[in-house]
Amino acid sequence: MSAASSQRGAASAAGNGHQTLVRVEDLRVHFPITSGVVFQRKVGAVYAVDGLDFEIKTGETLGLVGESGCGKSTTGRAILQLIRPTTGRVFYEGGDLANLKGKALRKQRRRMQMIFQDPYASLNSRMTVGDIVGEPLLVHHMADRAGRKAKVRELLETVGINPNTLNRYPHEFSGGQRQRIGIARALAVEPNFIVCDEPISALDVSIRAQIINLLQQLQREFGLTYLFIAHDLSVVRHISDRVAVMYLGRIVELAENAVLYETPMHPYTQALLSAVPIPDPAAEEQRRPVVLTGDVPSPVEPPPGCHFHTRCPAAREGLCDVDDPVLKEVRPGHWAACHLITGDDYPHIRAGEDDLGVAVEDAVHPGGESA
Amino acid sequence: MGIDQDTLLRLTDLTVDFASQEGTVHAVNKVSFDVAPGELVGLVGESGCGKSVTATAILGLTRMVTNATISGSIIFEGRDLVQLPEKAVRDIRGRDISMIFQDPVTSLNPVLTIERLMTEGLEVHLGLSHSDAIKRSIELLAEVGIPKAGRRVKDYPHQFSGGMRQRVMIAIALSCNPKLLLADEPTTALDVTIQAQILRLLKRLSADHDAAVITITHDLGVVAGMCQRILVMYAGRMVESGPAKPLFAHPHHPYTVGLLRSVPRLDEPRGTTLQTIAGLPPDLAHLPPGCSFAPRCWLADDECWQTVPELVETDPGRASACFHRDLLIAGAEMPA
């Protein structure tokens, strides 16, 4: 264990025997904003990922949820070194990926793959399905021509695509089938770890369940470890063992699935969960969702202190808007970054009587004469 | 069957076909339903089921598509929008019937200020003077919850966030006091916390303005909390309709059952595997001769493959287009 991890603490469930596969320490990805044509001056930065510490254990599915722009996809890409982190370290089986380059990095990449969100954009439309799925084998010199073909057929069969279609092009397949092809490509190099970046959000409702079931079946079959990135909290609950919630570049809460969904402690997690619509009018009637006012602030100028304080109903002036909260273990295996969580006490966010929030309240009768 | 006071909109056998190289695409196939004044209706289905085409037909936009053929009738306040000349429809479109589109980023003209975007409709449809239209625009922006509306009206769309842009869209849609609002996936492009804001706003504004809203979505959760009545479409046909609560609690069509079973729910215990609807939605240019859901249905028999089932009343106010509806009414479960 390095000094950094003991200091900041990598979020992990203590002592349940699972080995750590991926460990992220103080990961930051800042995209520079430049100005000028010839001499590019750096005038600012998008703080996409701003200090993450967490672990992914062998064989588990870690769900990473958050709203658009919170940095969850950047996190996934930075772990795979598809985007180089600004600072911080990513350990894969104990080795730091951030220091690796060229051949050494490519060798490690064989162990880690990615499934992308949009199956229409992530498959080369000029390559046949056989070439798409076989390309990783070629790149990593894993099989000769005949071996490749046999392996591709086997992979297609595994993901539920007719192996006789390997000479077809992606446009001949439906969205769900294309996503299966993307999954076959990721599996080709026999990885241990797969980053699934919103793998079902581009698919039709009736197809989503098929892909979720496939991912779970493959995990059992091949002992895969997933980082499952999604904005749909119901899906993440269904598939994940542990869940991390991100807000504006930081993890605000991380816990075992059941714990996070049953006793969310961070005000943002509480609000997020209460806003998820439930497909049942009777259940919806009983709920009083917390409606957060305002929008997510820009990651170019994240608010000082806790990034969530501008929308937090429980925020305390002079504390939350000044000090950065640290992600700490508030209960065994349950990590949260909030000043207001002390001991067993945490802020309970409830829906107010005025359910439209402040922005509307002071705006409904602006001149006193609106129709 | 005359139009009574309780019907604002009545679709009868609306059919929209598009000519294509692959053959005729049957986008909407004999769809009939009523909407009462002020009613909140949810039109649910997957992509390609014809829900958006139905909305564009109500708005009279399909008539501009050269390869489209429309038949059936769309009676709005006693007038058939399918038969009306374009000039008359143009008076209704944007004033009595308006629309909120899915993507607030692409559906607002980026080179016009919010003021220009808003005042256009007010001046054309309501004949307001420019200064009155600006005044009204500011009131509307304030009503949909845009802070400092007086100043923001001079801004361009890119200066607003996604949620705020959708509020602007709603303000524009409401500006001429429409009697019917078509909301096509109004929250799909938005985040969960913003979605909750927008849905509440829509529901409240519908009551304040006494406007009926047809919410078109693929997300059953969105309509569950908002709509009184649900219409389910599959492959261009209406397969089930009824009041929201009983329909969600006890669906009478196997497709609705499958849709509800295949999405994980936050308030239910975690299952290990999700139930799935096998296969894919059919190609609208080559529909199966019988029920279009038959190839994916666990109840399908010979009759289903040969004959298209009609929408038949199952309970008061509820209807299902399934030959095996009695099995479902009796409580037949979907096999795992």
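Rule-based calculations on the coordinates, nothing more; no lab input. All of these numbers come straight from a predicted model, not from anything done at the bench. Every residue, glycine as well, gets a Cβ built from its backbone with ideal geometry; the counts of neighbours run over all protein chains shown.
Counting only residues that are among the charged types (D, E, K, R), more than 13 Å from the chain's Cα centre (by Cα) and within 11 Å of another protein chain (Cβ to nearest Cβ), how many does segment B:225-248 have? Explain how you work it out, then say what you get.
Just the residues of segment B:225-248 that are among the charged types (D, E, K, R), to begin with: B:229, B:237, B:240, B:245.
Remaining after also requiring more than 13 Å from the chain's Cα centre (by Cα): B:237, B:240, B:245.
Next cut, within 11 Å of another protein chain (Cβ to nearest Cβ) only: B:245.
Going through segment B:225-248 one residue at a time, the tally reaches 1.
Restricting attention to segment B:188-199 and to residues that are part of a helix (DSSP H, G or I) and either of a type in the set (A, V, I, L, M, F, W, C) or without any contact (Cβ under 8 Å) to a residue 12 or more places away in the chain (or both), the residue that is nearest to A:L233 (Cα to Cα) turns out to be B:V192. Restricting segment A:225-241 to residues that are in a strand (DSSP E or B) and within 12 Å of the chain's Cα centre (by Cα), the residue that is nearest to the other protein chains (Cβ to nearest Cβ) is A:A230.
Here's the yes/no breakdown for (1) touching a Phe, Trp or Tyr at 6+ places or on another chain (Cβ under 9 Å); (2) under 30 Å from A:A78 (Cα atoms):
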| position | (1), (2) |
| --- | --- |
| A:K151 | no, yes |
| A:G160 | no, no |
| A:Q177 | no, yes |
| A:I181 | yes, yes |
| A:N192 | yes, yes |
| A:R208 | no, yes |
| A:L218 | no, yes |
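Taking the criterion of being within 17 Å of A:H231 (Cβ to Cβ) and either aliphatic (A, V, I, L, M) or within 13 Å of chain A (Cβ to nearest Cβ) (or both), would at least one residue in segment B:170-178 satisfy it? No, segment B:170-178 contains no residue that is within 17 Å of A:H231 (Cβ to Cβ) and either aliphatic (A, V, I, L, M) or within 13 Å of chain A (Cβ to nearest Cβ) (or both).
Return yes or no: is B:V124 buried (at least 22 other Cβ atoms within 10 Å of the Cβ), outside any loop (DSSP other than H, G, I, E, B) and among the β-branched types (V, I, T)? Write out each step before concluding.
Numbers: buried (at least 22 other Cβ atoms within 10 Å of the Cβ): no; outside any loop (DSSP other than H, G, I, E, B): yes; among the β-branched types (V, I, T): yes.
For B:V124, the condition - buried (at least 22 other Cβ atoms within 10 Å of the Cβ), outside any loop (DSSP other than H, G, I, E, B) and among the β-branched types (V, I, T) - is not met.
For (1) more than 28 Å from B:H26 (Cα to Cα); (2) part of a loop (DSSP other than H, G, I, E, B), each residue gets a yes or a no:
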| residue | (1), (2) |
| --- | --- |
| B:S292 | no, yes |
| B:P295 | no, no |
| B:W298 | no, yes |
| B:E310 | no, yes |
| B:F323 | no, yes |
| B:L327 | yes, no |
| B:E333 | yes, yes |
| B:A336 | yes, yes |
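For segment B:107-119, the set of residues classified as part of a helix (DSSP H, G or I) and either surrounded by fewer than 17 Cβ atoms within 10 Å (Cβ to Cβ) or touching a Ser or Thr at 6+ places or on another chain (Cβ under 7 Å) (or both) consists of B:E115, B:R116, B:M118, B:T119, listed by residue number. Of the strands (runs of 3 or more DSSP E) lying entirely inside segment A:247-359, those carrying at least 1 residues that are among the charged types (D, E, K, R) and farther than 30 Å from B:H218 by Cα are A:250-256, A:328-331.
Residues in segment B:200-216 that are surrounded by fewer than 24 Cβ atoms within 10 Å (Cβ to Cβ) and either part of a loop (DSSP other than H, G, I, E, B) or within 11 Å of chain A (Cβ to nearest Cβ) (or both): B:R200, B:L201, B:K203, B:R204, B:L205, B:D208, B:H209, B:D210. Given the residues B:A88, B:A57, B:A19, B:A27, which is the only one that is within 24 Å of B:I170 (Cα to Cα) and either under 20 Å from the mean Cα position of the chain (by Cα) or part of a strand (DSSP E or B) (or both)? Going through B:A88, B:A57, B:A19, B:A27 in turn, just one is within 24 Å of B:I170 (Cα to Cα) and either under 20 Å from the mean Cα position of the chain (by Cα) or part of a strand (DSSP E or B) (or both): B:A57.
Taking segment B:302-330 as the region of interest, how many residues are farther than 18 Å from B:A244 by Cβ and without any contact (Cβ under 8 Å) to a residue 12 or more places away in the chain?
4
Take the conditions over 22 Å from A:P325 (Cβ atoms) and not β-branched (V, I, T) and apply them to A:R41. Does it pass? Judged against the criteria, A:R41 is a match.
Total residues in segment B:249-286 satisfying the condition of being crowded, with 20+ Cβ neighbours inside 10 Å, more than 9 Å from every other protein chain (Cβ to nearest Cβ) and among the hydrophobic types (A, V, I, L, M, F, W, C): the figure is 2. Selection of first residues in segment A:282-295 that are more than 7 Å from every other protein chain (Cβ to nearest Cβ) and buried (at least 17 other Cβ atoms within 10 Å of the Cβ) and of second residues that are part of a helix (DSSP H, G or I) and not polar (S, T, N, Q), restricted to Cβ pairs under 6 Å at least 6 apart or on distinct chains, gives the following pairs, ordered by first then second residue: A:V290/A:A271; A:T293/A:G357; A:T293/A:V358; A:T293/A:A359.
Of A:G44, A:G51, A:G76, which residue is out of contact with any His (no Cβ under 7 Å at 6 or more places or on another chain) and farther than 26 Å from A:R106 by Cα? Steps first, answer last, please.
On the way: A:G51 fails: farther than 26 Å from A:R106 by Cα; A:G76 fails: farther than 26 Å from A:R106 by Cα.
Of A:G44, A:G51, A:G76, the one residue that is out of contact with any His (no Cβ under 7 Å at 6 or more places or on another chain) and farther than 26 Å from A:R106 by Cα is A:G44.
Selection of segment A:251-280 for residues being crowded, with 24+ Cβ neighbours inside 10 Å and either within 11 Å of chain B (Cβ to nearest Cβ) or among the basic types (K, R) (or both) yields A:Y268, A:L272, A:P277. Taking the criterion of being closer than 20 Å to A:D204 by Cα and either within 14 Å of chain A (Cβ to nearest Cβ) or acidic (D, E) (or both), the residues of segment B:287-324 that qualify are B:S292, B:F293, B:P295, B:R296, B:C297, B:W298.
Under 25 Å from B:L40 (Cα atoms), touching a Gly at 6+ places or on another chain (Cβ under 9 Å) and touching a residue at least 12 places away in the same chain (Cβ under 8 Å): does that describe B:Q275? In short, no.
When you scan segment B:131-159, how many residues do you find that are assigned to a loop (DSSP other than H, G, I, E, B), within 12 Å of chain A (Cβ to nearest Cβ) and not hydrophobic (A, V, I, L, M, F, W, C)? Residues meeting the conditions: 3.
Taking segment A:190-226 as the range and being β-branched (V, I, T) and in contact (Cβ under 8 Å) with a residue 24 or more places away in the chain as the test, the residues that pass are A:I194, A:V195, A:I200, A:I207, A:I211, A:I212, A:T225.
Scanning segment A:28-49 for residues that are closer than 22 Å to A:Y92 by Cβ and surrounded by fewer than 22 Cβ atoms within 10 Å (Cβ to Cβ) yields one hit, A:R28.
Could you count how many residues in segment B:291-317 are farther than 15 Å from B:Y255 by Cα and crowded, with 18+ Cβ neighbours inside 10 Å? Number satisfying all stated conditions: 1. Just one of the listed residues (B:V35, B:V41, B:V16, B:V89) is in contact (Cβ under 8 Å) with a residue 12 or more places away in the chain and farther than 30 Å from B:A207 by Cβ, namely B:V16.
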